[in-house]
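Read-outs: derived from the displayed coordinates by stated rules, not from any lab. Fair warning: this is a prediction, and the values are worked out from it, not measured in the lab. When we count neighbours, we look across all protein chains shown, and the Cβ atoms used for this are built from the backbone with ideal geometry, even at glycine.
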């Protein structure tokens with residue numbers, strides 16, 4: 001009984017919001033506001049998505065525990081040889097790579113603590129490193145379906161496989177990363193925004209368990225190869241996770257706990273797929289149609305998605321707007337993804353990744369100036385949307 005009480009006490013405000021969203025969705029089904037048939041269809045749609053989420057989070061968490069991210073971050077700092085410009089390029093490349101192939105939540109939740117732990121070792125101001133991870137967690141999540149949950153939500157309606165999706169989004173992805181790098185350098189990395197002219201490269205520390213390190217590294221590589229070979233993400237992610245789980249079962253079984261399962265994310269997504277369809281039946285769809293207008297304008301669509309994401313959160317924002325866009329309007333759907341992926345950098349609740357990132361900064365005692373965060377984020381959202389949608393339009 002005491003254990004149950006401790007579990008309930010550990011639940012934060014966000015956890016109660018997620019539980020409440022699921023409870024509301026179940027209530028809608030129980031009262032008939034959402035027909036059981038439509039609820040069942042929604043659950044069928046998200047089945048593979050939930051399997052992917054469990055697989056990728058377990059893979060990322062155990063990869064971090066195996067010190068793979070720590071080793072890469074430390075070697076980047078050594079490779080930069082004290083030069084901030086070199087370190088900036090390496091950090092942006094690393095954060096973009098992790099986001100693209102291992103999901104934005106991996107960058108925000110697992111890469112952020114690694115970067116913040118690196119900061120005191122190399123005597124680097126932590127805020128530039130932290131802003132690099134959170135901005136690129138959002139803006140570098142356009143290239144592949146696995147990069148962002150919104151991409152996975154939209155794949156069925158968009159009607160593209162992973163390779164076709166990347167072929168449409170490579171130019172917008174390059175554009176969004178380029179704009180993000182400019183904003184990062186100007187507002188956080190350049191000489192006037194940091195403490196020192198150079199940093200001190202850290203000493204490389206030995207890996208705790210080379211077998212776990214090798215298994216986790218191999219699993220990540222195999223996952224990326226599987227994506228390139230067109231293996232379904234709902235198969236590739238859990239298969240890669242099983243490799244690492246098997247290694248930990250042999251080498252360090254105590255690390256395999258139920259806390260690895262991202263239950264908060266699972267109940268949030270499930271509740272979302274029950275609540276948004278219900279609200280769409282009772283007026284939300286009409287409101288979204290009015291906001292989009294009749295012209296299928298990609299810039300307006302991206303702006304609506306980005307504005308709504310910063311108001312309520314990018315996942316419900318994407319789902320609400322997607323409901324009123326016809327399946328054949330592929331360009332408009334991709335523009336909506338740009339809005340809900342690139343723009344959620346203004347408010348702390350704009351994406352789950354941002355919320356989790358703020359919590360990580362708080363745990364590491366890294367103050368985030370809120371006015372500066374909002375102001376620079378607003379600039380990035382505005383310029384990023386315009387440039388990224390432009391890249392989508394001219395390459396279509």
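Arrange 189, 170 by Cβ neighbour counts within 10 Å, fewest through most, would you?
Final ranking by Cβ density, sparse to dense: 170, 189.
What value, in deg cm²/dmol to 500, does the helix sum -39500 (n - 2.57) over DSSP H runs of n ≥ 4 give at 222 nm once divided by the residues of the chain?
Dividing the helical sum by the residues of the chain leaves -23500 deg cm²/dmol.
Would you mind ranking 64, 254, 319, 230 so that the residue whose beta carbon has the fewest other beta carbons within 10 Å leads the list?
So the residues, fewest neighbours to most, are 254, 230, 64, 319.
Please state, rounded to one decimal and in Å, the Kirkwood hydrodynamic radius that the chain gives when every pair of distinct Cα atoms enters the mean of 1/r.
Final number for the Kirkwood radius of the chain is 21.6 Å.
What is the fewest-to-most order of 224, 394, 57 by other Cβ atoms lying within 10 Å of their Cβ?
Ordered from fewest to most neighbouring Cβ atoms within 10 Å, 224, 394, 57 come out as 394, 224, 57.
So what is the diffusion coefficient of the range 218-302 in µm² per second by Stokes-Einstein at 37 °C and 0.692 mPa s, using a Kirkwood Rh over Cα pairs?
193 µm²/s
Where the centroid of each part is defined by its Cα atoms, how far is the range 175-235 from the range 244-302 in Å?
24 Å
Counting pairs of Cα atoms in the range 45-194, how many percent are more than 17 Å apart?
62 percent
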